[in-house]
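Taking it in order: structure first as structure tokens, then the write-up.
The values are calculated or read from the model by the stated rules, or taken from the named source; none is laboratory data. Owing to the predicted nature of the structure, the values given are computational and were not obtained by experimental measurement. Here the Cβ positions follow ideal geometry from the backbone for every residue, glycine too, while neighbour counts run over all protein chains shown.
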Amino acid sequence: MADFSAQHQYFVIYKPYGMLSQFSDDNGRATLGELFSFPKDVYPVGRLDQDSEGLLILTNDKNLNHKLLNPVFKHKRKYWVQVDGAITKQAVEQLANGVEIKVNKSQYRTLPASAMAIETPEKLPERNPPVRFRKNIPTSWLSLELTEGKNRQVRKMTAKVGFPTLRLIRVAIGKFELGSMQPGDVLEIPRRMAYQKFLPRHN
């Protein structure tokens, strides 16, 4: 059988806040096509909500797409989350142990996760528009690493423990990290790096 791997392309982007994870929109909202002239057969692997930002993968490799989206593989996704209020140790422990959230109108208990309170990340890109500042209410940051990706899961989780999400940035998938990438950046990477970084446990 012919090997078509040479035709596969892999792009990583820093999706900006306010942009849809798709190439067109009937309502004129910002889309991925504004960042780069991607090949016609390249599509996002999963999505980031319009009000979330950070690492997004685009490829025409169906095998990589399947392994990243199929829950059985439990690949890791790491987020930096700014929340409303001073996060407590108890809330962080709840997030780590799993909480009950609504998924498709049914109750769902999230899988154990890695969660910890962190200082404000250094050299964090400004968000446009910025998070609304309230003088009398502090905000705090946490690092959250999941092995699942339910719809708006992180936001539902932090709300469940009493700390609504203000800003959500996906900073890593597998071993690939945003690093110094800035909102709107597009990077094409070779196949070997894609598999080594995104699926480190399966190579």
Identity of the residue in the range 98-119, under 19 Å from the mean Cα position of the chain (by Cα) and free of Cβ contacts under 8 Å to residues at least 24 places away in the same chain, that ends up farthest from residue 147 (Cα to Cα):
98
Considering only residues that are in contact (Cβ under 8 Å) with a residue 24 or more places away in the chain and in a loop (DSSP other than H, G, I, E, B), which ones fall in the range 151-179?
151, 152, 161, 162, 163, 164, 174, 175, 178
In the range 153-195, which residue that is basic (Lys, Arg) and touching a strand residue (DSSP E or B) at 6+ places or on another chain (Cβ under 9 Å) is surrounded by the most Cβ atoms within 10 Å (Cβ to Cβ)?
170
Could you say whether any residue in the range 77-97 is closer than 12 Å to residue 146 by Cα and part of a loop (DSSP other than H, G, I, E, B)?
no
Could we say that residue 144 is within 12 Å of residue 83 (Cβ to Cβ), within 15 Å of the chain's Cα centre (by Cα) and not charged (D, E, K, R) here?
yes
Test residue 182 against the criterion of being part of a loop (DSSP other than H, G, I, E, B) and more than 14 Å from the chain's Cα centre (by Cα), and give yes or no.
yes
Please work out which one of (1) in contact with a helix residue (DSSP H, G or I) (Cβ under 8 Å, 6 or more places away or on another chain); (2) within 26 Å of residue 126 (Cα to Cα); (3) free of Cβ contacts under 8 Å to residues at least 60 places away in the same chain; (4) surrounded by 16 or more Cβ atoms within 10 Å (Cβ to Cβ) is the condition residue 13 fails and give its number.
(3)
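So that you can scan it fast, the table gives a plain yes or no per residue for (1) more than 19 Å from the chain's Cα centre (by Cα); (2) under 22 Å from residue 112 (Cβ atoms); (3) surrounded by 15 or more Cβ atoms within 10 Å (Cβ to Cβ):
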site	(1), (2), (3)
39	yes, no, no
50	no, no, yes
54	no, no, yes
65	no, no, yes
73	no, yes, no
84	yes, no, yes
Looking at this structure, is residue 139 surrounded by 15 or more Cβ atoms within 10 Å (Cβ to Cβ) and hydroxyl-bearing (Ser, Thr, Tyr)?
yes
Taking the range 8-42 as the search range and keeping residues that are among the aromatic types (Phe, Trp, Tyr) and in contact with a Phe, Trp or Tyr (Cβ under 8 Å, 6 or more places away or on another chain), which one is farthest from residue 179 (Cα to Cα)?
23
So residue 98, is it surrounded by 14 or more Cβ atoms within 10 Å (Cβ to Cβ), in contact with a helix residue (DSSP H, G or I) (Cβ under 6 Å, 6 or more places away or on another chain) and either within 19 Å of residue 46 (Cα to Cα) or modelled with pLDDT of 95 or more (or both)
no
Among 47, 127, 134, which is at pLDDT below 95 and in contact with a Phe, Trp or Tyr (Cβ under 8 Å, 6 or more places away or on another chain)?
127
Given the residues 110, 59, 31, which is the only one that is modelled with pLDDT of 95 or more and surrounded by fewer than 18 Cβ atoms within 10 Å (Cβ to Cβ)?
31
